[in-house]
Amino acid sequence: MLQLNTDKIIFTGPVGAGKTTAISSISDTPPVSTDVNTSGEERKLKDSTTVAMDYSYIEMDDGTKVHLYGTPGQTRFDFMWKILTKGGLGLVLLINNDHPEPVKQMEFYLDSFSDFIDETGVVIGVTRTSINDQANIEDYQAKLFERNQIFPVFEVDSRSEGDIKVLIQALLAILAN
Ligand SMILES: Nc1nc2c(ncn2[C@@H]2O[C@H](COP(=O)(O)OP(=O)(O)OP(=O)(O)O)[C@@H](O)[C@H]2O)c(=O)[nH]1
Ligand SMILES: [Mg+2]
């Protein structure tokens, strides 16, 4: 039985995949964010980046709360990944398709979070497919198949509340089984 009133879902994925945006799209209240202005090479990619976490919550139809945490994408903050997943219900992995090797990025995050995923579950959301279509959903699924991993993969826009709701519902459905 899921104890949703105390449970949390963690959003992870590379820089610019849309984790902060997704949590903000779906939140009932303005999220807590630890974004700072980017500097150096990151600056070319985006204006701000998460350095500790994003936090917010959503209320389910039955009134229970699900807490949402977003990790920093930058690997130099990867010490936060373990801290944030502790006691978590499951993982939403967002992948930025507008990257030279997005499928490799999916593999990197699946490997980095493998212990947590084994204990819980994961759904994968691929963002920015309209900007770059070099990899499509079948490419991600083929790689998962090769790795003997059966996880749902959705094309999403992090700015869409509906798209992020689908991801969360899919994750909760997997966890309920
Ligand atoms: N086209 C498109 N743009 C998006 C999408 N999701 C986010 N963005 C834009 O991409 C930029 C970066 O998004 P963030 O939500 O900050 O990315 P993040 O994953 O939190 O990045 P880090 O915190 O640096 O790891 C923002 O300007 C968003 O508006 C998406 O699904 N499609
Ligand atoms: Mg962020």
Of the listed residues (Thr129, Thr75, Thr120), the one being within 12 Å of Thr12 (Cβ to Cβ), open to solvent by 30 Å² or more (accessible area, probe 1.4 Å) and of a type in the set (S, T, N, Q) is Thr75
In segment 81-98, what residues are buried (at least 20 other Cβ atoms within 10 Å of the Cβ) and out of contact with any Lys or Arg (no Cβ under 7 Å at 6 or more places or on another chain)? Leu84, Thr85, Gly90, Leu91, Val92, Leu93, Ile95
Qualifying positions in segment 135-177 - crowded, with 19+ Cβ neighbours inside 10 Å and polar (S, T, N, Q): Ser158
I'm checking my understanding of the structure. Among residues of segment 46-61 that are farther than 14 Å from Asp7 by Cβ and part of a loop (DSSP other than H, G, I, E, B), which one is least open to solvent (accessible area, probe 1.4 Å)? Lys46
Quick check on segment 6-25. Is at least one of its residues within 12 Å of ligand 2 (Cβ to nearest atom), of a type in the set (Val, Ile, Thr) and out of contact with any Phe, Trp or Tyr (no Cβ under 9 Å at 6 or more places or on another chain)? yes
What residue, of Gly40, Gly16, is assigned to a loop (DSSP other than H, G, I, E, B), modelled with pLDDT of 85 or more and small (Gly, Ala, Ser)? Gly16
Test each condition in (1) in contact (Cβ under 8 Å) with a residue 12 or more places away in the chain; (2) under 26 Å from Thr34 (Cβ atoms) for Lys143 and report the one that comes out false. (2)
Single residue of Gly90, Gly18 found to be under 30 Å from Asn132 (Cα atoms) and either hydrophobic (A, V, I, L, M, F, W, C) or away from ligand 1 (no atom under 13 Å from the Cβ) (or both): Gly90
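Per-residue answers, yes or no, for (1) within 16 Å of ligand 2 (Cβ to nearest atom); (2) modelled with pLDDT under 95:
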| residue | (1), (2) |
| --- | --- |
| Gly87 | no, yes |
| Ile95 | yes, no |
| Asp98 | yes, yes |
| Val103 | no, no |
| Glu107 | no, no |
| Asp115 | no, no |
| Thr120 | no, no |
So, in segment 119-135, how many residues would count as being charged (D, E, K, R) and more than 9 Å from ligand 1 (Cβ to nearest atom)? 2
Report whether or not Gly18 is among the small types (Gly, Ala, Ser), under 30 Å from Asn177 (Cβ atoms), under 15 Å from the mean Cα position of the chain (by Cα) and open to solvent by 10 Å² or more (accessible area, probe 1.4 Å). yes
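The values are calculated or read from the model by the stated rules, or taken from the named source; none is laboratory data. Because the structure is predicted, anything quoted here is derived from the model rather than measured. So basically every Cβ, Gly included, is an ideal-geometry build from the backbone, and we count neighbours across all protein chains shown. Ligands, DNA and RNA are excluded from the accessible area calculation, which covers all protein heavy atoms including side chains. Shrake-Rupley method; radii C 1.70, N 1.55, O 1.52, S 1.80 Å.
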